[in-house]
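A.B. asks: I have a structure here, written as structure tokens, and I will follow up with some questions on it.
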Amino acid sequence: MKYRLIKNARIVNEGKIVPGDILIAGQRIEKTGPGISHPTAEIFEADGQFLMPGVIDDQVHFREPGLTHKAEIHTESAAAVAGGITSFMEMPNTIPNTLTQDLLEEKYRLGASKSLANYSFYMGVSNDNLEEVLKTNGMNVCGVKVFMGSSTGNMLVDSRDTLENLFSKCSLLIASHCEDETTIRNNLEIFRKKYQDKIPVSAHPLIRNEDACFLSSSFAVDLARKYGTRLHILHISTAKETGLFSNSQPLEEKKITSEVCIHHLWFDEADYNEKGNLIKWNPAVKSASDREGLWNALLDNRLDVIATDHAPHTLEEKSREYLNAPSGGPLVQHSLVAMMEKYLEGHITPERIAEKMSHAVATCFRIKDRGFIREGYFADLVLIHPDKPWTVNAGNILAKCGWSPFTGTTFRSSVTGTFVNGYPVYYNGRIDRDYRGMRMEFNGIRP
């Protein structure tokens, strides 16, 4: 068995930062504590760097199959491990949409052959595939994904009967994109009359506005409360929506949980002037007061996890005029250092970063043996140097699309090592692209 020993780290885990070492035996953590030695272990000297559990990203779009001109599982998982992400959960709006069990298992075969990180894939919901959805095994699939808002292909679920049946019959975690389609269409028509086809991107948060988000999110919450469904609402973007969620009980007891994304915590509507379509996401990046409300709700535990919604498009696609430019962008390589920058600015602590990007994700999804630095758990770990500045540029972006909304940004911290199942897939700037991660397992639904 291969042994690896990480020495002299500042271990960030379960609300504490303590100096110590971690001994890895094969794929798992064998021992944590001070002064550990082992006669045959390969030594990794941390020299006081932060050592956190690897980030678990519960929302990515890696575009394979069918959209591989934008991204591939191999390229995006490489960007992910370079950013400290050791596990990801990928969305079903690929081509074909992941709407059958056979198509779902095909994506798992792709993950096994191509992913450098650990992986899980959501089962997709349409207006007419509920029977297939209900076959999903909650022990080896992270959940089911429903688009209650604009989407592509056959994935917009706008039938109330379908949603009632889904929420009443599905025992798995339902992850929901919530935007009200009628509100969006009405708003879009107003801007079309004013600007014809030359709508400015600054109108994006006015078209996909607070009302569109709240109407849909509150409807989803009402359904979940009505049926006792396990609901996880993705990418909350407005301060108003945060009032739908509670911090009155421990996370492991919550039936309704929520996610906030990096771009909604970092950017606001003023940034459209400089960034344009590069920060065009659905739901939209909104006002500075919305961003402040999201931070408040994150830190008081109404919002439970931080994710990326990594959704790359080519730069040519993003350079089109607003109406023809797709929504989404790459974020996995820069999510952890972006949150570390917020730590250095005094907004959040390393302990809370580990909680919101690792611990809480593992708790929300009941992930087996990951998300914490514990003896016996998989050794999914990330080393972060808090004082090693670097600037994002085209030469160091690893996502296949080759651009980032953070291009030109200098981050003061760097990911220096990412261990996936005990293996140093990324270390001191080098990636082992031949390594393959594992399919994540889950502890099933909550009673």
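A.B. asks: List, please: which pairs have Cβ atoms under 9 Å, are six or more places apart or on different chains, and start with a residue in segment 197-217 that is on the phi > 0 side of the Ramachandran plot and in contact (Cβ under 8 Å) with a residue 40 or more places away in the chain and end with one that is of a type outside the set (G, A, S) and surrounded by 19 or more Cβ atoms within 10 Å (Cβ to Cβ)?
C.D. replies: none
Yes/no matrix, rows are residues, columns are (1) of a type outside the set (S, T, N, Q); (2) more than 22 Å from T257 (Cα to Cα); (3) surrounded by fewer than 20 Cβ atoms within 10 Å (Cβ to Cβ); (4) in contact with a strand residue (DSSP E or B) (Cβ under 8 Å, 6 or more places away or on another chain):
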{"site": "V146", "(1), (2), (3), (4)": "yes, no, no, yes"}
{"site": "I174", "(1), (2), (3), (4)": "yes, no, no, yes"}
{"site": "F191", "(1), (2), (3), (4)": "yes, yes, yes, no"}
{"site": "D222", "(1), (2), (3), (4)": "yes, no, yes, no"}
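A.B. asks: Just one of (1) of a type in the set (V, I, T); (2) over 28 Å from R374 (Cβ atoms); (3) touching a helix residue (DSSP H, G or I) at 6+ places or on another chain (Cβ under 6 Å) trips up V55, so point out which.
C.D. replies: In the conditions (1) of a type in the set (V, I, T); (2) over 28 Å from R374 (Cβ atoms); (3) touching a helix residue (DSSP H, G or I) at 6+ places or on another chain (Cβ under 6 Å), V55 misses (2) alone.
A.B. asks: Taking segment 158-200 only, how many residues are closer than 20 Å to S327 by Cα, acidic (D, E) and assigned to a helix (DSSP H, G or I)?
C.D. replies: Qualifying residue count, segment 158-200: 2.
A.B. asks: From H61, H74, which residue is within 19 Å of H235 (Cα to Cα) and either touching a helix residue (DSSP H, G or I) at 6+ places or on another chain (Cβ under 9 Å) or modelled with pLDDT of 95 or more (or both)?
C.D. replies: H61
A.B. asks: So which of F442, F411 ends up being surrounded by fewer than 23 Cβ atoms within 10 Å (Cβ to Cβ), in contact with a helix residue (DSSP H, G or I) (Cβ under 6 Å, 6 or more places away or on another chain) and either in contact (Cβ under 8 Å) with a residue 40 or more places away in the chain or under 30 Å from Y272 (Cβ atoms) (or both)?
C.D. replies: F411
A.B. asks: Among the candidates S126, S113, which residue alone is surrounded by fewer than 18 Cβ atoms within 10 Å (Cβ to Cβ) and at negative phi?
C.D. replies: S113
A.B. asks: Also, I was wondering about something else. Any chance you could count how many residues in segment 225-239 are buried (at least 21 other Cβ atoms within 10 Å of the Cβ) and under 30 Å from F267 (Cβ atoms)?
C.D. replies: Here the count works out to 8.
A.B. asks: Further question on the same structure: Out of I373, I348, I need the residue that is assigned to a loop (DSSP other than H, G, I, E, B), among the β-branched types (V, I, T), surrounded by fewer than 24 Cβ atoms within 10 Å (Cβ to Cβ) and more than 16 Å from the chain's Cα centre (by Cα). Which one?
C.D. replies: Of the residues listed, the single one that is assigned to a loop (DSSP other than H, G, I, E, B), among the β-branched types (V, I, T), surrounded by fewer than 24 Cβ atoms within 10 Å (Cβ to Cβ) and more than 16 Å from the chain's Cα centre (by Cα) is I348.
A.B. asks: Taking segment 52-68 as the search range and keeping residues that are farther than 21 Å from G429 by Cα and aliphatic (A, V, I, L, M), which one is surrounded by the fewest Cβ atoms within 10 Å (Cβ to Cβ)?
C.D. replies: Ranking the qualifying residues of segment 52-68, first place goes to L67.
Condition check ((1) touching a Gly at 6+ places or on another chain (Cβ under 7 Å); (2) surrounded by fewer than 18 Cβ atoms within 10 Å (Cβ to Cβ); (3) among the aliphatic types (A, V, I, L, M)) across all residues:
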site: I306; (1), (2), (3): no, no, yes
site: P312; (1), (2), (3): yes, no, no
site: E316; (1), (2), (3): no, yes, no
site: S319; (1), (2), (3): no, yes, no
site: Y322; (1), (2), (3): no, no, no
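Condition check ((1) among the basic types (K, R); (2) without any contact (Cβ under 8 Å) to a residue 12 or more places away in the chain; (3) under 30 Å from P424 (Cβ atoms)) across all residues:
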{"site": "K70", "(1), (2), (3)": "yes, no, yes"}
{"site": "G83", "(1), (2), (3)": "no, no, yes"}
{"site": "P92", "(1), (2), (3)": "no, no, no"}
{"site": "N97", "(1), (2), (3)": "no, no, no"}
{"site": "F121", "(1), (2), (3)": "no, no, yes"}
{"site": "N129", "(1), (2), (3)": "no, no, no"}
{"site": "L134", "(1), (2), (3)": "no, no, no"}
{"site": "K145", "(1), (2), (3)": "yes, no, no"}
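A.B. asks: Only residues that are of a type in the set (F, W, Y) and over 17 Å from the mean Cα position of the chain (by Cα): list them for segment 42-64, please.
C.D. replies: Once the filter is applied, which keeps residues that are of a type in the set (F, W, Y) and over 17 Å from the mean Cα position of the chain (by Cα), segment 42-64 yields F44, F50.
A.B. asks: Being touching a residue at least 40 places away in the same chain (Cβ under 8 Å), part of a helix (DSSP H, G or I) and among the aliphatic types (A, V, I, L, M) is the filter here, so list the residues in segment 247-303 that pass it.
C.D. replies: Those that are touching a residue at least 40 places away in the same chain (Cβ under 8 Å), part of a helix (DSSP H, G or I) and among the aliphatic types (A, V, I, L, M): L251, I262, L265, L278, I279, L294, A297, L298, L299.
A.B. asks: Sort out which residues of segment 86-99 are surrounded by fewer than 17 Cβ atoms within 10 Å (Cβ to Cβ) and either under 16 Å from E132 (Cβ atoms) or modelled with pLDDT under 95 (or both), and write them in order of number.
C.D. replies: Within segment 86-99, just P96 meets the criteria.
A.B. asks: Among the residues of segment 260-289, count how many are among the acidic types (D, E) and surrounded by 24 or more Cβ atoms within 10 Å (Cβ to Cβ).
C.D. replies: Result for segment 260-289: 0.
A.B. asks: Give segment 360-370 a look and list any residue that's surrounded by 22 or more Cβ atoms within 10 Å (Cβ to Cβ) and touching an Asp or Glu at 6+ places or on another chain (Cβ under 7 Å), or say none.
C.D. replies: A360, V361, C364, F365, R370
A.B. asks: If you don't mind, there's one more thing I want to ask. Does V332 qualify as being crowded, with 19+ Cβ neighbours inside 10 Å, of a type outside the set (F, W, Y) and in a loop (DSSP other than H, G, I, E, B)?
C.D. replies: So V332 passes the test.
A.B. asks: Inside segment 392-422, can you point out the residues that are outside any loop (DSSP other than H, G, I, E, B) and either farther than 13 Å from G84 by Cα or within 18 Å of the chain's Cα centre (by Cα) (or both)?
C.D. replies: If the condition is that a residue be outside any loop (DSSP other than H, G, I, E, B) and either farther than 13 Å from G84 by Cα or within 18 Å of the chain's Cα centre (by Cα) (or both), then T410, F411, V415, T418, V420 are the ones that fit.
The values are calculated or read from the model by the stated rules, or taken from the named source; none is laboratory data. Being a predicted model, the structure only gives us computed values, none of them experimental. When we count neighbours, we look across all protein chains shown, and the Cβ atoms used for this are built from the backbone with ideal geometry, even at glycine.
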